[in-house]
Amino acid sequence: MLIIPVFIPHLGCPHDCVFCNQRSISGAQDLPTDEEIITQIENYKKISENYDEIQLAFFGGSFTAIPVEQQEHFLRLVFPYVKKSGNKSAFIDSLRLSTRPDAIDEEVLERLKRFGVSTIELGAQSMDDKVLALSGRGHKVSDTVKSSRMIKEKGFILGLQTMPGLPGSTEEQDIETAEKIIALGPAIVRIYPTIVIKNTALHKMMLLGKYTPMRLEDAVCLCAKLTRMYEDAGIKVIRTGLHSSENMCEDKDVAGGPYHPAFGDMVRSNILIDELIPKIDKVIREKRDISENFKADTLTIVVPSNMISTFTGNKKCNSKALESKYGVKKVRFVPSAPDKNSSGNISENTVSGNDLTVYF
Ligand code: SF4
């Protein structure tokens, strides 16, 4: 799917969430002009033929909390490009937007339906009222529950965004939040571990010692756990970690917390290694049943060719972790060659000399 992003920073938002400096998060400094939005759409149109589905997304703000005239202005501006308009040159299949859980009602949903919005993402952030209050969200869990139900009843695709590591939250509470989110039955979820952006209330709290951000390694492990929970429940996790923009790096807007431009890859990598370890253990157990003192010098792990870097991990962290765990001199991830034997069976684990080969 091709997503045409349109960022609407902090427009109309009367709240001050402790973590939010909307300009840094969206990477946009000002409201986009009509001309900028149209140019953006026209630019994406040039590459749209390569995609099966095209969606325009209003990100970055509380879209349905802005004045109705402004909502309609943006929706009317893009509507001629949406196929629902009946316009022959329209190429956008649907619209998506993100908003606050307390900015949804019947009237809002009717309007969004009229203009071809198909997906509504709510910034749930936490399903714990105390955490929401400490984070200055200005809405309650009950708002998320009520709006989620209405969105689904009206036939929209529901997306929920969550933020592990908010003030007052613990790993257990973040897991409970995931359980409650799963119970609401969204189709998609985004996980944004809490990052401390400079010049926010959270930044002050951190400087005063009233907030300690999650460490990167802990955030990766937690988000891997949460991702597995969602995916096991059939919910698609479409984003883990904030988007990198030119301002989002440690020496610019980030003051603390588990920010990494490849955060999502690190989470995927963590999940894969968790799945891999039992397979390696099984092969080693089988070898030790035959030869009690079996010890491999090198461990070769055969994985799909497009996943080598995900398995290897950031700065080879997975290779190093496995070398240390299994006491081997070298761990190599090599691409599978599905046509290596006529049956296409590549799941046969082998030992050659002191090289143990495991097929993922
Ligand atoms: S609701 Fe909070 S996170 Fe969203 S734009 Fe307003 S202050 Fe920022």
Pull up the range 47-70, narrow it to residues that are over 26 Å from the mean Cα position of the chain (by Cα) and within 16 Å of the ligand (Cβ to nearest atom), then point me to the one that is farthest from Ala90 (Cα to Cα).
Pro67
Among what's in the range 136-152 and is within 16 Å of the ligand (Cβ to nearest atom) and surrounded by 24 or more Cβ atoms within 10 Å (Cβ to Cβ), pick the residue that is nearest to Pro14 (Cα to Cα).
Arg137
Quick check on this structure: which one of Ile157, Ile191 is in contact with a strand residue (DSSP E or B) (Cβ under 8 Å, 6 or more places away or on another chain) and either surrounded by 18 or more Cβ atoms within 10 Å (Cβ to Cβ) or farther than 27 Å from Asp105 by Cα (or both)?
Ile191
Looking only at the range 147-159, and only at residues there that are assigned to a helix (DSSP H, G or I) and in contact (Cβ under 8 Å) with a residue 12 or more places away in the chain, the one that is nearest to the chain's Cα centre (by Cα)
Ser148
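Looking at the range 76-111, which of the residues that are of a type in the set (S, T, N, Q) and without any contact (Cβ under 8 Å) to a residue 60 or more places away in the chain is nearest to the ligand (Cβ to nearest atom)?
Only one residue tops the list, namely Thr99.
Yes or no, residue by residue, for (1) within 30 Å of Ser126 (Cβ to Cβ); (2) among the hydrophobic types (A, V, I, L, M, F, W, C); (3) at pLDDT below 95; (4) not assigned by TED's automatic domain parsing to the domain that holds Ile120:
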| site | (1), (2), (3), (4) |
| --- | --- |
| Gly27 | yes, no, yes, no |
| Gln55 | yes, no, no, no |
| Phe63 | yes, yes, yes, no |
| Lys88 | no, no, yes, no |
What are the pairs, 6+ residues apart or on separate chains, where a residue within the range 54-75 that is touching a residue at least 60 places away in the same chain (Cβ under 8 Å) and in a strand (DSSP E or B) has its Cβ under 7 Å from a residue that is more than 16 Å from the ligand (Cβ to nearest atom) and of a type in the set (Asp, Glu)?
Gln55/Asp93
On the basis of being assigned to a helix (DSSP H, G or I), under 19 Å from the mean Cα position of the chain (by Cα) and either surrounded by 23 or more Cβ atoms within 10 Å (Cβ to Cβ) or not charged (D, E, K, R) (or both), does Ala124 make the cut?
no
Inspect the range 201-219 for any residue being among the polar types (S, T, N, Q), crowded, with 22+ Cβ neighbours inside 10 Å and in the same structural domain as Leu97 (by TED's automatic domain parsing) and give the result as yes or no.
no
Please enumerate the residues belonging to the range 165-188 that are surrounded by fewer than 17 Cβ atoms within 10 Å (Cβ to Cβ), of a type in the set (Asp, Glu) and touching a residue at least 24 places away in the same chain (Cβ under 8 Å).
Glu171, Glu176, Glu179
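The values are calculated or read from the model by the stated rules, or taken from the named source; none is laboratory data. Small disclaimer: the values here were computed from a predicted structure and weren't measured. When we count neighbours, we look across all protein chains shown, and the Cβ atoms used for this are built from the backbone with ideal geometry, even at glycine.
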